[in-house]
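J.: Below you will find the structure I want to go over with you.
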Amino acid sequence: MTELLRIEGARISYRQPGRGRIEAVRGVDLTLEGGAVLGLVGESGCGKSTIARAVCGLVPLDDGRVLHNGRPVRPLGLRRRDAEDLRIQMVFQNPYASLNPRRTVGSQITDGLRINPDRSAWTVAGLLGEVELERSAATRYPHEFSGGQRQRIAIARAIASGPDLLIGDEPIASLDASLQARVAELMRDLAVRTGAGLLFISHDLSIVRVIADDVAVMRAGEIVETGSAAGVWDAPQHPYTQRLLAAVPKVDGLGTLPG
Amino acid sequence: MSDSTRRGLAGSGSGPTGDGAVRIRDLRVELGPRSARRTVLNGIDLDVSPGQVTGLAGESGSGKTMTGMAVMGLLPAGASVAGSIRFGETELLELSPRRLNAVRGNRIAMISQDPTSSLHPMLSIQRQLTDHYRAHTGASKADARDRALELLDLVQVPDPATALRKYPHQFSGGQLQRIAIASALMCRPTVLIADEPTTALDVTVQAGVLRLLRGLCDDLGLGVLLVTHDLGVMSALADTIAVMRGGRIVERGTRHQVITAPEHEYTRSLIAALPEHHRPADGKDPS
């Protein structure tokens, strides 16, 4: 059977002015099925966002393949995207930058609806309801909303197009701690309920533990450990994963210093 | 402020005394144009004592950063301020700009969330550490350099002598935050305002900076006002926690009280919003 997403031996490098090429992703294999959630965790610079961008075709691969429903994702160029590739949607870290400030929320969600193969799947009002926003939000502009609300709008817009693969690249990192779990759960529920697979990228293991089925831990361009989210959280095998988990501050009120 | 619980810890009585302490009483701040004046701080009482970390928790817009800014005398233009912020025997709100400059950066220092924007990109680390030190103390260039080396060593930046010649872009975020802390400590302040000091850092790097801050409190007797929305960081570092919402402190108490047995509904909702396996085991379930 063909997986929803299959990454095989991906290698990606960037050219840095004056410093040659740096290899951001060094031979990564990952798979994701429809209706499942894969958490990809790691620290700054480990290459996790580069993988997200490669899955959307935003960066070319040096080697290896990214297969979406068994078909290679075509790198984004000047030509129109293939209909198949439009079924991959991404929610970015910064909702202040990813929404168009000069267009109403409703019209931006309508953009998504327009490319949904199932024209009757959603309405703007229905989607706003799903992300717990007022129906009246449709006629307002992004600046009228808080960061958490904007990220809900970005999620609604991504879901509007009927994706079968949803990618969240640190979608909750710029939100208040008290909102993070809520927005992550909302994203997970919407993806799973519509049968889409979710690749959720985060540096926050405690959130990934709640919403992901499986987790892959990445370090310096390589995956060092994969397993079920609960398994990795409870019994990390790789020393790096153990260090990462030990560094998460515990909310125990005891003044326990992490690490 | 009838909704503030456990006032006894800092809300009334004499509070800390002595040179090293900051004592905020009934601080009120209003901002914005006359037509749309907003009260951003509505009667804040808070103490920062030597050797202690006072945590100020709350969500965006609750006023926690504004409280730190008020202590630094860095409120936006047009802000009106009432109440009292005493530093030792000095009333900070009554100081002339010149006298305030002698306190700010010298006796009370600040570090912010993003060290890449708080350090000047075009100045060497040596200048970032020594310019304000020499201005405040009149120290010679050589003495200032010695002090800078001592502090880079204290905050565990590897190879301090080489580091002094480098520029901010040559360091990682965690190293930069250590350098920002070193810069803040140059003039031997007794109070450090740390506004989301680890929010921009990776967890493993954050762990190191938290240990460093704890050590500075314990070893140097530094008083820290820790502003963060991250309850994990709060639980690790703060001795006492005040929870802010809408410009008021709604709950305060010891770290253990506030996190494991929150009394105010809002504090409970913050703790309930944590991922399930991440909540304190003996915390009350708000539902």
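J.: Sort through A:158, A:181, A:154 and tell me the only one that's in a helix (DSSP H, G or I) and either among the aromatic types (Phe, Trp, Tyr) or free of Cβ contacts under 8 Å to residues at least 40 places away in the same chain (or both).
T.: It is A:181.
J.: Here's a follow-up. For the condition modelled with pLDDT of 55 or more and buried (at least 20 other Cβ atoms within 10 Å of the Cβ), what is the one hit in B:31, B:27?
T.: The match here is B:27.
J.: Can you work out which of the residues in the range A:217-247 that are within 11 Å of chain B (Cβ to nearest Cβ) and not in a helix (DSSP H, G or I) is farthest from the chain's Cα centre (by Cα)?
T.: Applying the filter and picking the extreme gives A:247.
J.: State yes or no: is residue B:239 over 20 Å from residue B:274 (Cβ atoms), modelled with pLDDT of 95 or more and surrounded by fewer than 22 Cβ atoms within 10 Å (Cβ to Cβ)?
T.: yes
J.: Another question, if that's okay. Test residue A:37 against the stated conditions and say whether it is at pLDDT 95 or above and under 20 Å from the mean Cα position of the chain (by Cα).
T.: It is true that residue A:37 is at pLDDT 95 or above and under 20 Å from the mean Cα position of the chain (by Cα).
J.: Which residue out of A:170, A:134, A:144 is of a type outside the set (Ser, Thr, Tyr) and under 16 Å from the mean Cα position of the chain (by Cα)?
T.: A:170
J.: Could you go through the range A:138-158 and let me know if any residue there is within 14 Å of chain B (Cβ to nearest Cβ), under 18 Å from residue A:55 (Cβ atoms), touching a helix residue (DSSP H, G or I) at 6+ places or on another chain (Cβ under 9 Å) and of a type in the set (Phe, Trp, Tyr).
T.: no
J.: Among the strands (runs of 3 or more DSSP E) lying completely within the range A:1-109, list those that include at least 1 residues that are within 14 Å of chain B (Cβ to nearest Cβ).
T.: Answer list for the range A:1-109: A:5-16, A:37-41.
J.: Please report, ordered by residue number, the helices (runs of 4 or more DSSP H) entirely within the range B:181-280 with at least 2 residues that are more than 9 Å from chain A (Cβ to nearest Cβ).
T.: Answer list for the range B:181-280: B:203-220, B:265-272.
J.: Could you look through the range A:175-190, keep only residues that are over 18 Å from residue B:269 (Cα atoms) and in contact with a helix residue (DSSP H, G or I) (Cβ under 6 Å, 6 or more places away or on another chain), and pick out the one that is surrounded by the most Cβ atoms within 10 Å (Cβ to Cβ)?
T.: Per the criteria, the residue is A:187.
J.: What number of residues within the range A:184-208 are in a helix (DSSP H, G or I) and either touching a residue at least 60 places away in the same chain (Cβ under 8 Å) or hydrophobic (A, V, I, L, M, F, W, C) (or both)?
T.: So the count comes out to 10.
J.: Mind checking which helices (runs of 4 or more DSSP H) fall wholly inside the range B:44-127 and carry at least 1 residues that are touching a helix residue (DSSP H, G or I) at 6+ places or on another chain (Cβ under 9 Å), modelled with pLDDT of 95 or more and under 21 Å from residue B:246 (Cα atoms)?
T.: B:64-72
J.: Also: I'd like the residue in the range B:142-180 that is among the acidic types (Asp, Glu) and closer than 19 Å to residue B:192 by Cβ and, out of all such residues, is surrounded by the fewest Cβ atoms within 10 Å (Cβ to Cβ).
T.: My answer is B:150.
J.: Next up: Of all residues in the range A:164-209, which are over 13 Å from residue A:151 (Cα atoms), hydroxyl-bearing (Ser, Thr, Tyr) and either touching a Pro at 6+ places or on another chain (Cβ under 9 Å) or more than 12 Å from chain B (Cβ to nearest Cβ) (or both)?
T.: Correct list: A:194, A:202, A:206.
J.: Looking only at the range A:27-57, how many residues end up being among the hydrophobic types (A, V, I, L, M, F, W, C) and without any contact (Cβ under 8 Å) to a residue 40 or more places away in the chain?
T.: So the count comes out to 0.
The values are calculated or read from the model by the stated rules, or taken from the named source; none is laboratory data. Bear in mind that the values here come from a model prediction, so they are computed numbers and not experimental data. Glycine also receives a Cβ, built like all others from the backbone with ideal geometry; neighbour counts cover every protein chain displayed.
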